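The next block holds one structure in the form of structure tokens; read it before the comments.
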Amino acid sequence: MRRASAAFRALKHRNFRLFFGGQIISLVGTWMQTVAQAWLIYRLTGSGALLGLLGFVGQIPIFLLSPPAGLVADRWPRQQVVIATQTASMLLAFILAALTMTGHITGKLGVLEIIILATLLGIVNAFDVPARQSFLIEMVGREDLLNAIALNSSMFNLARVAGPAVAVLVVAVVGESWCFLLNGVSYLAVIAGLFMMRIEKAMPGHDGTSPLEKLREGFRFARHTRPIRALLTLVSVVSFMALPFTVLMPIFAVKILHGGASAYGTLMGAVGVGAMCGALVLASRQELRGLGNIVAYAAMAMGVSLLLFSASHWYWISFTILVLTGFSMMMQFTATNTLIQAMVPDQLRGRVMSIYSMLFLGMSPIGSLLAGWLADRIGAPVTVAIGGLASLVGGVAFARKWPAMRGPARDLVAAQGMMAPAPPSGESPRPS
């Protein structure tokens, strides 16, 4: 019971409860739109390359705009930034719903309209992600930040399970347009929660330093801090090579596993089930010790699972493997996020988290574009297998380097006052 209570301790904060409740509704809508949008593109064109392009334009703005977005998150009140980005996302969802319901999304012009709206949403997300990530500490304080990060990840992946499942039903009954409409409506919950929050500490004002120098400051810290540099390097490798397997999922559902929209939604849900379990496992932890090893082993496990998935032609075996893929993926990225936030100073949090977002979410679209191109030439299974091998090799390389960085990582965590409660033995916890 104590362990279960500890897993949800960030929910004792009213602001985080408001955020959690609104976000989980909104994220279900977001995943509904993601699944319906990809299915609509594939239904209209049957092209793996266009699936890769959709993933590319939706996330490449994060790669290009995350550094200035991190500066915005460090300079302006994060609550206001998140309200603005969530409102913009809601308006784009309503526009996509209106275009689809009125019959404008047909043929090449319809595909172009989807691509344009996905690009605009990517621009909004570039500013939303670092602001939301760095806003967590203002909602829960320093003592419960690590738990809030894990619960935020579990919320995201609970939505990853529910969203595709609901999307499949909605698409089958009334079509993709209603997924887009329901996504737009779902943003009202999170926007209402954000307006109801009471944030006590305001963000520090501008100190007169030029924006360019502020950007350089964040990059210098990430580049010269060895543990953070190693974590970000592994994130970039896995995001570029391995994560694009999701954009090829319609091909696996239809051509390899001989299913349809239902099979596609279920496979995406399997990834979400595993990811949610991984996030909850980390949420129950009360210390940082072992997170570095978790990052390494999770990257290796993800690589092995993708190699197995690429070779499977049986639906339920593929489903089971994807649960492991989601579990290991979320263990790696949540542990990485936790370690970085534990080591970064508050005044650099937005900028360093924007670099993390740039590599985590921004490298994936470039990989998606490459994966779509490769899938049309060498096949989706071989493409996914290459990504799995890269993740496996990256995890092994990180495991060999991390032991030399445990001491510097422990010192950084202590300097930020982010040490977790001591274990029963009285030994001070430390990242390792």
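Worth pointing out:
- Within the range 101-127, considering residues that are more than 27 Å from the chain's Cα centre (by Cα) and farther than 21 Å from residue 48 by Cα, the one surrounded by the most Cβ atoms within 10 Å (Cβ to Cβ): 101
- Extreme residue, nearest to residue 244 (Cα to Cα), among residues of the range 1-56 that are outside any helix (DSSP H, G or I) and modelled with pLDDT under 85: 47
- Residue in the range 288-310 that is more than 30 Å from residue 135 (Cβ to Cβ) and β-branched (Val, Ile, Thr) present: yes
- Residues in the range 313-336 that are over 18 Å from residue 244 (Cβ atoms) and either surrounded by 24 or more Cβ atoms within 10 Å (Cβ to Cβ) or among the small types (Gly, Ala, Ser) (or both): 327, 331, 334, 335, 336.
- Residue 182 being modelled with pLDDT of 85 or more and open to solvent by 20 Å² or more (accessible area, probe 1.4 Å): yes
- Of the residues in the range 140-150, none is assigned to a helix (DSSP H, G or I), acidic (Asp, Glu), under 29 Å from residue 414 (Cβ atoms) and open to solvent by 30 Å² or more (accessible area, probe 1.4 Å).
- Residue satisfying condition, being surrounded by 18 or more Cβ atoms within 10 Å (Cβ to Cβ) and either among the acidic types (Asp, Glu) or at pLDDT 85 or above (or both), within set 249, 276: 249
- Residue within the range 62-75 that is under 21 Å from residue 183 (Cβ atoms) and either open to solvent by less than 20 Å² (accessible area, probe 1.4 Å) or under 17 Å from the mean Cα position of the chain (by Cα) (or both) present: yes
- For the range 46-59, the count of residues that are in contact with a helix residue (DSSP H, G or I) (Cβ under 8 Å, 6 or more places away or on another chain), surrounded by 21 or more Cβ atoms within 10 Å (Cβ to Cβ), more than 29 Å from residue 267 (Cβ to Cβ) and not basic (Lys, Arg) is zero.
- Any hit, the range 296-303, residues being open to solvent by 50 Å² or more (accessible area, probe 1.4 Å) and part of a helix (DSSP H, G or I): yes
- Scanning the range 92-99 for any residue that is within 22 Å of the chain's Cα centre (by Cα) and part of a helix (DSSP H, G or I) turns up at least one such residue.
- Test for residue 288: is it open to solvent by less than 10 Å² (accessible area, probe 1.4 Å), of a type outside the set (D, E, K, R), over 21 Å from residue 392 (Cα atoms) and not in a helix (DSSP H, G or I): yes
- Only one of 43, 78 that is on the phi < 0 side of the Ramachandran plot and under 23 Å from the mean Cα position of the chain (by Cα): 78
- Taken over the range 387-419, residues that are part of a helix (DSSP H, G or I), hydrophobic (A, V, I, L, M, F, W, C) and over 20 Å from residue 333 (Cβ atoms) amount to 3.
The values are calculated or read from the model by the stated rules, or taken from the named source; none is laboratory data. Please read these numbers as outputs of a predicted model, since none were measured by experiment. Quick reminder, even Gly has a Cβ in these numbers, built from the backbone with ideal geometry, and neighbours come from all protein chains shown. Only protein heavy atoms, including side chains, enter the accessible area calculation; ligands, DNA and RNA are left aside. Shrake-Rupley method; radii C 1.70, N 1.55, O 1.52, S 1.80 Å.
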